[in-house]
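Trainee: Encoded as structure tokens, here's the structure I'll be asking about.
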Amino acid sequence: MDKSVHKLVDKRVGKFEDNSVDKQISNQSGAPTWLNMWSNYLTHTPFSQSAQAVSASHILQQLIEASLQGDSCIATDSTQLEALGDLAVSSEIAMTQVAPCVYDQQGLALYRYWHLEQRLADQICRLKRQTTQLIDISSYQALLNDPHQQAALKMVMQQWLSIITGGPGTGKTYTLARIIAALNQLIPDIRIAMAAPTGKAAQRMQEALQNSFNDPKLLESGLVTDELRHQSTQTLHRLLGMGHQQIPRFHAKRPLPYDVIVVDEASMLDLNLATLLFEAVPDACRIILLGDANQLASVDVGSVLADLQQVKALTDNRVQLKNSRRFSDKAKIGQLARFIQAQQDQNDQNQVLSKLELEIVKPSTLQAIALSDDMPDLIQLEYLPQQHDFEVEPYQQKLMYGFQGYVETLKGYLQSIEPEREIERVIQSFDDYRILAAVRHGALGIEQLNRYAEHWLNQQLKQIAIGDWYVGRPVMMTYNDYQLGISNGDIGICFKHRSQSQQFEVFFPSLNKWIAAHRLPRNMQTAFALTIHKSQGSEFRHTAVVFDQAAEKLLSQELIYTAITRAKKVVTLLADPNALLQALTIRTVRRSGLVQKINLDRL
């Protein structure tokens, strides 16, 4: 295939975020111009001599549309293959005869995604085939009381690839800290890398690890060294040394220099990033994946963690943690999470909302919630009117309740004679609350919510924005900027410049870094409200989740599960009834060939 075509497709797919209405491809409005041009381009000479142009173009468009939804392949039949002609080749000859499409028992795929699955399957099999030395872990078993956590410790000692999954509060990081402490004792001069797919997830990972390494019981064991207590985390892109061209510095011929590699929030791993990572893992290196298999899959193509959960040959490489410390049996957020998972086999959708209202939360009017450390967790639900022309402003106003504490800390900062002493309080207050929505556009999409929030904040503080900037503006980076050292997902807060009070600076807590506001790109996204995908890897004491009619066709169990489990104390649901029903009952299953490629006589 023409390299320029590859670049065009990669650019379009790479920028896609599948929880955004504006980036969905509508079958009713037809395929976008670029997709029509690309598919028509390939169905004619010199790329094809035998394709049935109209049918082949339609099939190619289906493939791209599927990839934009995260699928690596589509179902196919002999009629479609005949229509494609020499644009598709069988997997048996794909390595020697390159074509835009490849077909095998799993379906029809673009060559890129078929090849990525082949490469990733090869690496999984390589790690599985390696044998490990027997390690006596009897002296470390007492570090963990939960049988599932003990099983995870045993697995990591016996396997090069380990997959540890579990819901919120099941102790994934707690267990990991004890596993790493034991490995640190057992392997002299051990080299450990800790990473996550986004900057925010890496920050949360570091905070959770530091808390776990400072646990009194673990400290008493004498296994925690200063190196472990100061163990740093990074994004996977930084770990692999990926620069502006997205070409990794570390790969199969130049593997990563580590003995243990840990990846948190592994549900966010897409097919391309997972392949690059596993190819860079050296022999005799343990790789540990942590994640929640019920969360959203990656934004880009693939659902790697979910696929690895299905590979029978990897049964010994998986442990699921089941006992939640954060959400007890009586905790409302935990009950809602379990309620969502229980709807997988629900046939009578008409009863779902009634059951939710009876067992979990009764609908009412949203109220301001005063947060405290010892408060029981709670859920509040208000239904949006089902007519299309209802007045939105009162609901936008209610969503501001959660930011009242943030306003008060900002007032303290602005009035203080030593404002820098107030910055930590402002940061902590902002992290107490976040609005999560499924869509970008519309009256209750993140763009409008962010505009309303900044107008409301500036009214509360009696300040006027200068250009895009004002005290208290939270911003999120939407791509990796290697010159500034900021990653996709990093969030900062705007303050007055520390030495030039007429200017602004932005502090990024995850990086402990100040950057002058004028140096930041103008497309920095205001972050009072986030898409649910962008919230992965984050935790807030109070999370407001907004599902309006515009989001109805995009919602799923994975989306609402991910949203509500970002909260530690309070979940506020503001939802259209039909949209909420969709979120509770529809499960997303991505089509992939990875499971079968790993299982096909490889192990």
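Trainee: Taking only pairs six or more apart or across chains, which ones have beta-carbon atoms under 7 Å, a first residue in the range 422-444 that is farther than 18 Å from Ser510 by Cβ and open to solvent by less than 20 Å² (accessible area, probe 1.4 Å), and a second residue that is at pLDDT 95 or above and assigned to a loop (DSSP other than H, G, I, E, B)?
Mentor: Ile435/Phe528
Trainee: Restricting to the range 232-243, and then to whatever is among the small types (Gly, Ala, Ser) and touching a residue at least 24 places away in the same chain (Cβ under 8 Å), can you tell me which residue is least open to solvent (accessible area, probe 1.4 Å)?
Mentor: The initial filter retains those residues of the range 232-243 that are among the small types (Gly, Ala, Ser), namely 232, 241, 243.
Subset that is touching a residue at least 24 places away in the same chain (Cβ under 8 Å): 232, 243.
Values: Ser232: 70, Gly243: 27 Å².
Of everything passing the filter in the range 232-243, Gly243 is least open to solvent (accessible area, probe 1.4 Å).
Trainee: Oh, and also: Of all residues in the range 525-547, which are surrounded by fewer than 21 Cβ atoms within 10 Å (Cβ to Cβ) and either assigned to a loop (DSSP other than H, G, I, E, B) or basic (Lys, Arg) (or both)?
Mentor: Once the filter is applied, which keeps residues that are surrounded by fewer than 21 Cβ atoms within 10 Å (Cβ to Cβ) and either assigned to a loop (DSSP other than H, G, I, E, B) or basic (Lys, Arg) (or both), the range 525-547 yields Ser538, Glu539.
Trainee: Residues of the range 369-396 being open to solvent by less than 80 Å² (accessible area, probe 1.4 Å), among the acidic types (Asp, Glu) and assigned to a loop (DSSP other than H, G, I, E, B), which ones?
Mentor: Correct list: Asp377 only.
Yes/no matrix, rows are residues, columns are (1) of a type in the set (Phe, Trp, Tyr); (2) touching a Lys or Arg at 6+ places or on another chain (Cβ under 6 Å); (3) at pLDDT below 90; (4) open to solvent by 50 Å² or more (accessible area, probe 1.4 Å):
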residue: Leu218; (1), (2), (3), (4): no, no, yes, no
residue: Leu223; (1), (2), (3), (4): no, no, yes, no
residue: Asp226; (1), (2), (3), (4): no, no, yes, yes
residue: His230; (1), (2), (3), (4): no, no, yes, yes
residue: Gln245; (1), (2), (3), (4): no, no, yes, yes
residue: Pro255; (1), (2), (3), (4): no, no, no, yes
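Trainee: Name the pairs: first residue in the range 67-88 and free of Cβ contacts under 8 Å to residues at least 24 places away in the same chain, second residue assigned to a helix (DSSP H, G or I), Cβ to Cβ under 7 Å, at least 6 apart or on different chains?
Mentor: Ala88/Leu81
Trainee: Tell me which residues, restricted to the range 548-565, are surrounded by fewer than 22 Cβ atoms within 10 Å (Cβ to Cβ) and part of a loop (DSSP other than H, G, I, E, B).
Mentor: Hits for the range 548-565 are Asp548, Ser556.
Trainee: Of the residues that make up the range 165-172, is at least one polar (S, T, N, Q), under 30 Å from Arg338 (Cα atoms) and out of contact with any strand residue (DSSP E or B) (no Cβ under 8 Å at 6 or more places or on another chain)?
Mentor: Here is the first cut: in the range 165-172, the residues polar (S, T, N, Q) are 165, 170.
This time we only want the ones that are under 30 Å from Arg338 (Cα atoms), so: 165, 170.
Remaining after also requiring out of contact with any strand residue (DSSP E or B) (no Cβ under 8 Å at 6 or more places or on another chain): none.
No: the range 165-172 contains no residue that is polar (S, T, N, Q), under 30 Å from Arg338 (Cα atoms) and out of contact with any strand residue (DSSP E or B) (no Cβ under 8 Å at 6 or more places or on another chain).
Trainee: Looking only at the range 473-507, which residues are outside any strand (DSSP E or B) and either in contact with a strand residue (DSSP E or B) (Cβ under 6 Å, 6 or more places away or on another chain) or modelled with pLDDT of 95 or more (or both)?
Mentor: Taking the range 473-507 as the starting set, the residues that turn out to be outside any strand (DSSP E or B) are 473, 477-480, 482-485, 487-490, 497-503.
Those that are outside any strand (DSSP E or B) and either in contact with a strand residue (DSSP E or B) (Cβ under 6 Å, 6 or more places away or on another chain) or modelled with pLDDT of 95 or more (or both): Arg473, Met477, Thr478, Ser487, Asp490, His497.
Trainee: Here's a follow-up. Are there any pairs, at least 6 apart or on different chains, whose C-beta atoms fall under 7 Å, with the first in the range 480-505 and aromatic (Phe, Trp, Tyr) and loosely packed, with under 15 Cβ neighbours inside 10 Å and the second in a loop (DSSP other than H, G, I, E, B) and modelled with pLDDT under 90, and if so, which?
Mentor: Sorted first by the residue in the range 480-505, then by its partner, the pairs are Tyr482/Gly243; Tyr482/His244.
Trainee: Check the range 573-593 and report whether any residue there is charged (D, E, K, R), surrounded by fewer than 22 Cβ atoms within 10 Å (Cβ to Cβ), modelled with pLDDT of 90 or more and over 20 Å from Gln343 (Cβ atoms).
Mentor: no
Trainee: Additional query: Hey, can you tell me all the residues within the range 204-231 that are polar (S, T, N, Q) and in a helix (DSSP H, G or I)?
Mentor: In the first step, residues of the range 204-231 are kept if they are polar (S, T, N, Q); the result is 206, 210-212, 214, 221, 225, 231.
Within the range 204-231, Gln206, Gln210, Asn211, Ser212 meet the criteria.
Trainee: Another question, then. I need the full set of residues from the range 248-265 which are within 26 Å of Gln185 (Cα to Cα) and of a type outside the set (Asp, Glu), in order please.
Mentor: Correct list: Pro255, Leu256, Pro257, Tyr258, Val260, Ile261, Val262, Val263.
Trainee: Looking at Arg522 and the list (1) at pLDDT below 90; (2) not in a loop (DSSP other than H, G, I, E, B), which single condition is not satisfied?
Mentor: With (1) at pLDDT below 90; (2) not in a loop (DSSP other than H, G, I, E, B) applied to Arg522, the lone miss is (2).
Trainee: Something else: Name the one entry in Ala182, Ala201 that is in a helix (DSSP H, G or I), touching a Phe, Trp or Tyr at 6+ places or on another chain (Cβ under 7 Å) and either modelled with pLDDT of 85 or more or surrounded by 21 or more Cβ atoms within 10 Å (Cβ to Cβ) (or both). Step through it out loud before you land on a result.
Mentor: Details: Ala201 fails: touching a Phe, Trp or Tyr at 6+ places or on another chain (Cβ under 7 Å).
Going through Ala182, Ala201 in turn, the sole match is Ala182.
Trainee: Among the candidates Lys330, Lys362, Lys322, single out the residue that is open to solvent by 50 Å² or more (accessible area, probe 1.4 Å) and either at pLDDT 90 or above or touching a Phe, Trp or Tyr at 6+ places or on another chain (Cβ under 9 Å) (or both). Full working, then the answer.
Mentor: Details: Lys330 fails: either at pLDDT 90 or above or touching a Phe, Trp or Tyr at 6+ places or on another chain (Cβ under 9 Å) (or both); Lys322 fails: either at pLDDT 90 or above or touching a Phe, Trp or Tyr at 6+ places or on another chain (Cβ under 9 Å) (or both).
Within the list Lys330, Lys362, Lys322, the selection yields Lys362.
Trainee: Something else: Just need a number here: residues in the range 276-292 that are assigned to a loop (DSSP other than H, G, I, E, B), over 15 Å from Asn317 (Cα atoms) and either among the hydrophobic types (A, V, I, L, M, F, W, C) or open to solvent by 30 Å² or more (accessible area, probe 1.4 Å) (or both).
Mentor: From the range 276-292, those assigned to a loop (DSSP other than H, G, I, E, B) are 280-285, 292; that's our starting set.
From the residues that got through so far, the ones that are over 15 Å from Asn317 (Cα atoms) too are 280-284, 292.
From what's left, either among the hydrophobic types (A, V, I, L, M, F, W, C) or open to solvent by 30 Å² or more (accessible area, probe 1.4 Å) (or both): 280-281, 283-284.
Going through the range 276-292 one residue at a time, the tally reaches 4.
This table checks each residue for (1) touching a helix residue (DSSP H, G or I) at 6+ places or on another chain (Cβ under 8 Å); (2) closer than 19 Å to Leu120 by Cα; (3) modelled with pLDDT of 85 or more; (4) in a helix (DSSP H, G or I).
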{"residue": "Val262", "(1), (2), (3), (4)": "yes, yes, yes, no"}
{"residue": "Ala274", "(1), (2), (3), (4)": "yes, yes, yes, yes"}
{"residue": "Val299", "(1), (2), (3), (4)": "yes, yes, no, no"}
{"residue": "Leu305", "(1), (2), (3), (4)": "yes, yes, yes, yes"}
{"residue": "Thr315", "(1), (2), (3), (4)": "no, yes, yes, yes"}
{"residue": "Leu336", "(1), (2), (3), (4)": "yes, no, yes, yes"}
{"residue": "Asn347", "(1), (2), (3), (4)": "no, no, no, no"}
{"residue": "Val352", "(1), (2), (3), (4)": "yes, no, yes, yes"}
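Trainee: Just give me the residues in the range 103-133 being over 20 Å from Asp270 (Cα atoms) and in a strand (DSSP E or B), in sequence order.
Mentor: Result: Tyr103, Asp104.
Trainee: List, please: which pairs have Cβ atoms under 8 Å, are six or more places apart or on different chains, and start with a residue in the range 202-229 that is over 27 Å from Asp490 (Cα atoms) and end with one that is open to solvent by 50 Å² or more (accessible area, probe 1.4 Å) and assigned to a helix (DSSP H, G or I)?
Mentor: Partner pairs satisfying both residue conditions: Asp215/Tyr174; Leu223/Gln185.
Trainee: Which ones in the range 244-260 are more than 18 Å from Arg119 (Cβ to Cβ) and either outside any loop (DSSP other than H, G, I, E, B) or small (Gly, Ala, Ser) (or both)?
Mentor: Val260, the sole residue that qualifies.
Trainee: Can you tell me which residue within the range 147-164, out of those that are of a type in the set (A, V, I, L, M) and buried (at least 19 other Cβ atoms within 10 Å of the Cβ), is farthest from Leu176 (Cα to Cα)? Quick ask: steps written out before the conclusion?
Mentor: Applying the first criterion (of a type in the set (A, V, I, L, M)) to the range 147-164 yields 151-153, 155-157, 161, 163-164.
Next cut, buried (at least 19 other Cβ atoms within 10 Å of the Cβ) only: 152-153, 155-157, 161, 163-164.
Values: Ala152: 9, Leu153: 8, Met155: 12, Val156: 10, Met157: 12, Leu161: 14, Ile163: 11, Ile164: 9 Å.
This residue is Leu161.
The values are calculated or read from the model by the stated rules, or taken from the named source; none is laboratory data. Fair warning: this is a prediction, and the values are worked out from it, not measured in the lab. When we count neighbours, we look across all protein chains shown, and the Cβ atoms used for this are built from the backbone with ideal geometry, even at glycine. These accessible areas exclude ligands, DNA and RNA; they are computed on the full protein's heavy atoms, side chains included. Shrake-Rupley method; radii C 1.70, N 1.55, O 1.52, S 1.80 Å.
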